[in-house]
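Written out below as structure tokens is the structure these notes cover.
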Amino acid sequence: MVHADQVILDDLIVTGSNCVGMDCVNGENFGFDTIRLKENNLRIKFQDTSNSGSFPSNDWQITANDSTNGGANKFSIDDIDGGRTPFTIEASAPSDSLYVDDGGRIGIGTGTPVVEVHVVDGDSPTLRLEQDGSSGFTPQTWDVAGNETNFFVRDATNGSPLPFRIRPSAPQNSLYIDTDGDIGLGTASPDAGLHAIGTLLVGDSDTGSPAEQSPIHFLVDEGWPTQTFTIENTNSAATNSASLQLKNEGYSFITFTDTSTNAVTEKWNLGNRSDGSFTFSNAEVAGLQFKLDQAGNLTILGDLTANGTNYASSKKLKENFSPVNNESILETLSSIPITSWNYKAADDEERHIGPMAEDFHAAFSLNGSDNGKISVSDVNGIALAAIQALKAQLDQKDEDIKQLNQRLEHLEKNKE
């Protein structure tokens, strides 16, 4: 039996409830429903018949559940002309999954949003930003989330590391980026590219803590010869520059500390004094081990060793004593050329007098196998030995003269 369509040419007012669908029955129990759609394919379609180019004409549809076996239980708004479904709510979605209050605030997981977008969840409420590659760019996914431990950004594409985190109760202005790009750590008014208030620890691991009373601490767990700190001026102009400057109202110094258990000396200080001198000092020994004043005068606390030679003269520091032949030394010394000369690196007017190291070494075989240097102690020793030889010769001549005078006096007396 075919029923004809009913066309009502006037307004239709239904004072009761209305059921539409293949499964509506006579005596339908509406409960409080005003309009009921009842069948296995539930749709409300908005079909716009506008045919003027200046009027919108897109068709829309409200769909309840998929029509296919095993499809989704859902509520959707479909863009019929565009073939898209921009809005879907699945069955069993929790209450307040999406809530817009009277102030335009959006709640996700809450019916009482207090800011423009308010997200509530029992464990780490998260916002995911996913670039899916559909526009030709490399896929990448970021998560922004927070919980009782921290607020964080997670790189979900590359093993889910957390490159950025903020802990609860972090102080005001822990990280501040100013309008000019200056970054403040602990300050809202940074005056440099990086302006830190407090201490700064730079290291290659997350262990350790800043040293006591040390605003900046570089902590490195690497074997020699890794460079811990490098300052390099890459300007191609050959100009002098102060790569590192220490300024202080008083004594400025650098401390070198050996923290090994077998360290003989723990600390050395290198710096300048209020009298303008440059010094080395050791915290465990009284006095200054090294002091160079503005006039170039050098004072050291201990012995001086240069080119392998120790200029200390104490007998306690020496061994293998043997006598020398002063006459032989004097004779050998007399044959060594003594010339006037200047160093190649110095001005021609800066003259010196002395033997060549090679001649000195060949004559006396001193200072080991190094024939390019003359030890000051060897020069002094040779000179002293030669002086003693000359003194002995003079003494002998004086004795000879004395004896000759005595013989002369004796002859003169006998002649009388």
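The values are calculated or read from the model by the stated rules, or taken from the named source; none is laboratory data. On a predicted model such as this, the values are computed, not experimentally measured, just so you know. Methodologically, a virtual Cβ is constructed for each residue, glycine included, from the backbone with ideal geometry; neighbour enumeration extends over all protein chains shown.
Search the range 99-117 for residues that are over 15 Å from Leu127 (Cα atoms) and pair each with any residue that is loosely packed, with under 10 Cβ neighbours inside 10 Å and at pLDDT 95 or above when their beta-carbon atoms are under 6 Å apart and the residues are at least 6 apart or on different chains.
Qualifying pairs under 6 Å: Arg105/Glu116.
So, in the range 31-54, how many residues would count as being assigned to a loop (DSSP other than H, G, I, E, B) and either modelled with pLDDT under 95 or loosely packed, with under 13 Cβ neighbours inside 10 Å (or both)?
13
Within the range 307-325, identify whether any single residue is modelled with pLDDT under 80, of a type in the set (A, V, I, L, M) and over 30 Å from Ile382 (Cα atoms), and answer yes or no.
No, because not a single residue in the range 307-325 is modelled with pLDDT under 80, of a type in the set (A, V, I, L, M) and over 30 Å from Ile382 (Cα atoms).
Could you list, in sequence order, all residues of the range 360-386 that are polar (S, T, N, Q), in contact (Cβ under 8 Å) with a residue 60 or more places away in the chain and surrounded by fewer than 16 Cβ atoms within 10 Å (Cβ to Cβ)?
none
Of all residues in the range 370-392, how many are closer than 24 Å to Pro323 by Cβ and part of a loop (DSSP other than H, G, I, E, B)?
Applying the first criterion (closer than 24 Å to Pro323 by Cβ) to the range 370-392 yields 374-392.
In the following step, the residues that additionally are part of a loop (DSSP other than H, G, I, E, B) were identified as 374-375.
Number of matching residues: 2.
Got a sec? Which of Phe253, Phe280 is surrounded by 10 or more Cβ atoms within 10 Å (Cβ to Cβ), in contact with a Gly (Cβ under 6 Å, 6 or more places away or on another chain), of a type in the set (Phe, Trp, Tyr) and in a strand (DSSP E or B)? Write out each step before concluding.
Numbers: Phe280 fails: in contact with a Gly (Cβ under 6 Å, 6 or more places away or on another chain).
Among Phe253, Phe280, only Phe253 is surrounded by 10 or more Cβ atoms within 10 Å (Cβ to Cβ), in contact with a Gly (Cβ under 6 Å, 6 or more places away or on another chain), of a type in the set (Phe, Trp, Tyr) and in a strand (DSSP E or B).
Failed condition for Lys373, given (1) closer than 23 Å to Thr305 by Cα; (2) over 58 Å from the mean Cα position of the chain (by Cα); (3) among the charged types (D, E, K, R), with all others met?
(2)
Cβ-Cβ below 9 Å, separation at least six or inter-chain, first residue in the range 335-359 and closer than 16 Å to Lys373 by Cβ, second hydrophobic (A, V, I, L, M, F, W, C) and loosely packed, with under 10 Cβ neighbours inside 10 Å: which pairs?
Filtered contacts from the range 335-359: Trp341/Ile353.
Which residues, taken from the range 89-112, are within 44 Å of the chain's Cα centre (by Cα) and among the small types (Gly, Ala, Ser)? If you could, list the steps in order and put the result at the bottom.
Initial filter on the range 89-112 (within 44 Å of the chain's Cα centre (by Cα)): 105-110.
Selection gives Gly107, Gly109.
Working carefully through the options Thr230, Thr265, Thr234, Thr259, find the one that is modelled with pLDDT under 75 and of a type in the set (Ser, Thr, Tyr).
Numbers: Thr230 fails: modelled with pLDDT under 75; Thr234 fails: modelled with pLDDT under 75; Thr259 fails: modelled with pLDDT under 75.
None of the others qualify; the one that does is Thr265.
Is it the case that Ser340 is touching a His at 6+ places or on another chain (Cβ under 9 Å) and farther than 26 Å from Leu304 by Cα?
Numbers: touching a His at 6+ places or on another chain (Cβ under 9 Å): yes; farther than 26 Å from Leu304 by Cα: yes.
In short, yes.
Tally the residues that are assigned to a strand (DSSP E or B), out of contact with any Asp or Glu (no Cβ under 9 Å at 6 or more places or on another chain) and surrounded by 11 or more Cβ atoms within 10 Å (Cβ to Cβ), restricting the search to the range 79-112.
As a first pass, look at the range 79-112 and keep what is assigned to a strand (DSSP E or B): 79, 84-90, 99-100, 106-108.
If we keep only those that are out of contact with any Asp or Glu (no Cβ under 9 Å at 6 or more places or on another chain) too, we end up with 88-90, 99-100.
Adding the requirement that they be surrounded by 11 or more Cβ atoms within 10 Å (Cβ to Cβ) leaves 88-90, 99.
Qualifying residue count, the range 79-112: 4.
Would you confirm whether or not the range 137-158 contains a residue that is closer than 29 Å to His195 by Cα, without any contact (Cβ under 8 Å) to a residue 12 or more places away in the chain, of a type outside the set (A, V, I, L, M, F, W, C) and assigned to a loop (DSSP other than H, G, I, E, B)?
no
Return the pairs, sorted by first residue and then second, in which the second residue is of a type in the set (Val, Ile, Thr), the first residue lies in the range 387-416 and is within 19 Å of Leu333 (Cβ to Cβ), the beta carbons are less than 8 Å apart, and the residues are 6+ apart or on different chains.
Pairs that qualify, where the first residue is within 19 Å of Leu333 (Cβ to Cβ) and the partner is of a type in the set (Val, Ile, Thr), are Ala389/Ile329.
Exactly one condition in (1) more than 30 Å from Gly71 (Cβ to Cβ); (2) under 32 Å from the mean Cα position of the chain (by Cα); (3) loosely packed, with under 14 Cβ neighbours inside 10 Å is false for Val115; which is it?
(2)
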